[in-house]
Amino acid sequence: MKNKPSLLLMAALCAFGFAGCENMSTLRQDMANQPRQNPLSPAPFFADGRSERQVMENTVARGSIQDDGLFVPKDSNAFPLPVNMELLQRGQQRYNIFCSPCHGIQGDGMGMVAVRGMKHPPSYHQDRLRNEPAGYIYDVVTNGFGAMYGYSSQIPPRDRWAIIAYVRALQLSRNVPASELPAELREKLTAGGSAK
């Protein structure tokens, strides 16, 4: 008879527990039944009583990137900024910070990350990348490609274009025809070539 009070207590606890089970649907939140606010409906949570909030500073509405003056389509070779020495120097600085760890200082895909065993990115000097439009490179820097992450949150659009201008200068540095070189460089090239 010693166990009778403990059995009664145990039975009462079980009955109390089972009584709560029939209302389990109110305790559980379904994915189909989520708390939400209908557009333009009143919301007592906010002091002004509105559910619609002002756009936060530095946010871009979905689809409005096309209105950006520096945006160009992937297949466009248009360059939205004037290319000058200041832009190229800024591009070199940003390239050395963000791109050279993987792509290398010369753009040949031999950065420190690649040298230490990670996958080698392609060289900027191969024909395929030299012939790609500037819009394609802008899209890759912005959204990423393959193992490369997008840099839209780290690099502002103006700096992305500066990097692209510098990449184009790197590509030109290895592939410029001798006829397009200044006269003094052509003389050095021909003198060096005949001395061999």
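The values are calculated or read from the model by the stated rules, or taken from the named source; none is laboratory data. In this text, all values refer to a predicted model and were calculated from it rather than measured experimentally. Glycine gets a Cβ as well: all are built from the backbone with ideal geometry, and neighbour counts include every protein chain shown.
Worth pointing out:
- Filter result for Gln66 (of a type outside the set (D, E, K, R) and either surrounded by 17 or more Cβ atoms within 10 Å (Cβ to Cβ) or at pLDDT below 90 (or both)): yes
- Each residue in segment 161-178 was checked for being more than 19 Å from Gly104 (Cβ to Cβ) and either of a type in the set (Ser, Thr, Tyr) or touching a residue at least 12 places away in the same chain (Cβ under 8 Å) (or both), and 1 pass.
- Selection status of Lys74, part of a loop (DSSP other than H, G, I, E, B), free of Cβ contacts under 8 Å to residues at least 60 places away in the same chain and among the charged types (D, E, K, R): no
- Exclusive hit being modelled with pLDDT of 90 or more, under 25 Å from Gly69 (Cα atoms), part of a loop (DSSP other than H, G, I, E, B) and hydroxyl-bearing (Ser, Thr, Tyr), set Tyr136, Tyr95, Tyr166, Tyr151: Tyr151
- Test: residue in segment 103-118 that is of a type in the set (S, T, N, Q), out of contact with any helix residue (DSSP H, G or I) (no Cβ under 6 Å at 6 or more places or on another chain) and more than 30 Å from Asn58 (Cα to Cα): yes
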